[in-house]
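**Q** I'd like to ask you about the structure that follows.
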Amino acid sequence: MTTSAAPWHAATGTAPPDWLGVLLSGSPPGDEAAVLDFPMPADPAVVGVARSFVRTTFTGWDSDDAVFDAQLVVSELVTNAIRHGGGARSLRLVCSRRRLGCAVRDFSGAVPVTATSGFLAEFGRGLPLIEALTTAWGWLYPAGGGKLVWAALS
């Protein structure tokens, strides 16, 4: 699988699953993919819009059992894009033979960093949460700049 001929960098040390190709390639979505472009990239209100988009899309795909976890993962990815990536550019969701995935594109080329946070820390729990709720996650640098952070849900 080629992902926009860009080098990928996986947080877990593994390559993205082949079935995520439609999600990572930037190709137009078909019946098994959905795309939400954000008009105001640095607006925190897009987190709620993204959660609603996940619920509506996954329900339409008869994947109601994955909605809650997917909403948490997408919320963290979009929040990280706003906080550390200059804003979220787009959200892509994919369903391929009952396997679900998501990807958020932002404006930054900075690598996601898992912070060590203390018990009372206000920030730093997002990437460990994503790690716990997904089967794999990582990032790549697509054509056109920024980065695309992806996650495969069970």
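The values are calculated or read from the model by the stated rules, or taken from the named source; none is laboratory data. Here the structure is a predicted model, which is why all the values come from computation and not from measurement. All Cβ positions, even for glycine, are placed from backbone atoms using ideal geometry, and neighbour counts span all protein chains on display.
**Q** Looking at A151, A88, can you tell me which residue is within 22 Å of P17 (Cβ to Cβ), surrounded by 13 or more Cβ atoms within 10 Å (Cβ to Cβ) and either of a type in the set (G, A, S) or at pLDDT 85 or above (or both)?
**A** A151
**Q** Oh, and also: Kindly provide the set of residues from the range 52-70 that are buried (at least 19 other Cβ atoms within 10 Å of the Cβ) and free of Cβ contacts under 8 Å to residues at least 40 places away in the same chain, ordered by number.
**A** Hit for the range 52-70 is T57, nothing else.
**Q** Just a yes or no: is a residue in the range 99-113 of a type in the set (F, W, Y), over 10 Å from the mean Cα position of the chain (by Cα) and at pLDDT below 90?
**A** Within the range 99-113 (the criterion being of a type in the set (F, W, Y), over 10 Å from the mean Cα position of the chain (by Cα) and at pLDDT below 90), the answer is no, since none of the residues qualifies.
**Q** Evaluate the following for V78: is it crowded, with 17+ Cβ neighbours inside 10 Å and either acidic (D, E) or assigned to a helix (DSSP H, G or I) (or both)?
**A** yes
**Q** Filter the range 20-49 down to residues that are in a helix (DSSP H, G or I) and modelled with pLDDT of 80 or more and give me whichever is nearest to G144 (Cα to Cα).
**A** L20
**Q** I want to confirm something. Restricting to the range 115-148 and keeping residues that are polar (S, T, N, Q) and surrounded by 11 or more Cβ atoms within 10 Å (Cβ to Cβ), which single residue is modelled with the lowest pLDDT?
**A** S117
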